[in-house]
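Report on the structure given below.
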Amino acid sequence: MTPATSLLLLSNSRNYGQDFLAHALEPISRLAGHDDLVFVPFALADQEGYGKLVTESLAELPNTVRVATPDHDGATLISRASVLFIGGGNTFRLLKSVQRLGVMKDIIKRNTEGSLRYIGSSAGTNLACPTIRTTNDMPIVSPDGLESLGLVPFQINAHFQDDDAFEGHMGETRRTRLVEFLEENDTPVLALREGAWIERHQSGDVCLGGANGAILFQRSSAGGAEEYELSTGHDLTGLASTVPIYDSPSAGKRQT
């Protein structure tokens, strides 16, 4: 039986008060079916411990979980995977590790062709965007550029927190940072709250799942940002035809 979904992008791996990945077992199972699942733990320093945590968290599913290592064997495992799960952590470290392994073009090609289903969580979700420019993470390492997989043609901000979560905070909020992004780039940003995710079906339809919804930030004609509150079940298929434009005020460069 062909799985219903080919892409699952989670905002987070753990919901408050729940076990690791407990909130996402249903959509993970829906995408993975009964196939082996290859987990990529490169976004954390303790990759062995991370792999063990994910393996234990998915134990009730019928899938065998195999953990990739950042070497030739890991690259081979990734290249043969039917289902690839890239976990969260630091997005810059993740991107640099995947670049070094030389598997990015293969992941893009195989997901586009339909031979590879992709699950991302947090940093793994950021990696599915055209660039990692809308990550919340500190650049603790320097990858070779910010371009990533582009499995979706728009940007995502995971773990989005509304302004009222910052009571008493006098610095910039997450909303401020995303508005700044849109001052320089003409690419929509889907800000996923905790518990939310995106699913792309085999038909090509894209929808918002999970809990707590999202906010879609788009550049306005005046150069600022327009915001649209989206609830669970919202049809995001229109975003799949986005043509992302980066550095638009100065150079008008298009992401290819």
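The values are calculated or read from the model by the stated rules, or taken from the named source; none is laboratory data. Quick caveat: nothing in here was measured; it's all calculated off a predicted structure. Counting neighbours? That spans all protein chains shown, and the Cβs are built from the backbone with ideal geometry, glycine included.
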**OP:** Return the residue satisfying two criteria in turn: it lies in the stretch 134-153 and is among the hydrophobic types (A, V, I, L, M, F, W, C), in contact with a Cys (Cβ under 9 Å, 6 or more places away or on another chain) and more than 20 Å from Glu194 (Cβ to Cβ), and of such residues it is surrounded by the most Cβ atoms within 10 Å (Cβ to Cβ).
**Re:** Leu149
**OP:** Name, by its number, the condition in (1) in a loop (DSSP other than H, G, I, E, B); (2) under 18 Å from the mean Cα position of the chain (by Cα); (3) among the hydroxyl-bearing types (Ser, Thr, Tyr); (4) closer than 22 Å to Ile28 by Cα that does not hold for Thr112.
**Re:** (1)
Original post:
Do we find a residue being β-branched (Val, Ile, Thr), in contact (Cβ under 8 Å) with a residue 12 or more places away in the chain and over 23 Å from Asp73 (Cβ atoms) anywhere in the stretch 92-103?
Top reply: no
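Conditions tested, residue by residue: (1) of a type outside the set (S, T, N, Q); (2) in contact with a strand residue (DSSP E or B) (Cβ under 8 Å, 6 or more places away or on another chain); (3) at pLDDT below 95.
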{"position": "Gly51", "(1), (2), (3)": "yes, yes, no"}
{"position": "Val54", "(1), (2), (3)": "yes, yes, no"}
{"position": "Ser57", "(1), (2), (3)": "no, no, no"}
{"position": "Pro62", "(1), (2), (3)": "yes, no, no"}
{"position": "Arg66", "(1), (2), (3)": "yes, yes, no"}
{"position": "His72", "(1), (2), (3)": "yes, no, no"}
{"position": "Leu77", "(1), (2), (3)": "yes, yes, no"}
{"position": "Val83", "(1), (2), (3)": "yes, yes, no"}
{"position": "Arg93", "(1), (2), (3)": "yes, no, no"}
Original post:
Looking at the stretch 42-56, is at least one residue under 24 Å from Gly209 (Cβ atoms) and not in a helix (DSSP H, G or I)?
Top reply: yes
Original post:
Quick one: which of Gln161, Gln202 is more than 25 Å from Thr237 (Cβ to Cβ) and in contact with a Ser or Thr (Cβ under 9 Å, 6 or more places away or on another chain)?
Top reply: Gln161
Subject >> Hits in the stretch 1-41 - residues which are without any contact (Cβ under 8 Å) to a residue 60 or more places away in the chain, crowded, with 20+ Cβ neighbours inside 10 Å and in a helix (DSSP H, G or I) >> reply: none
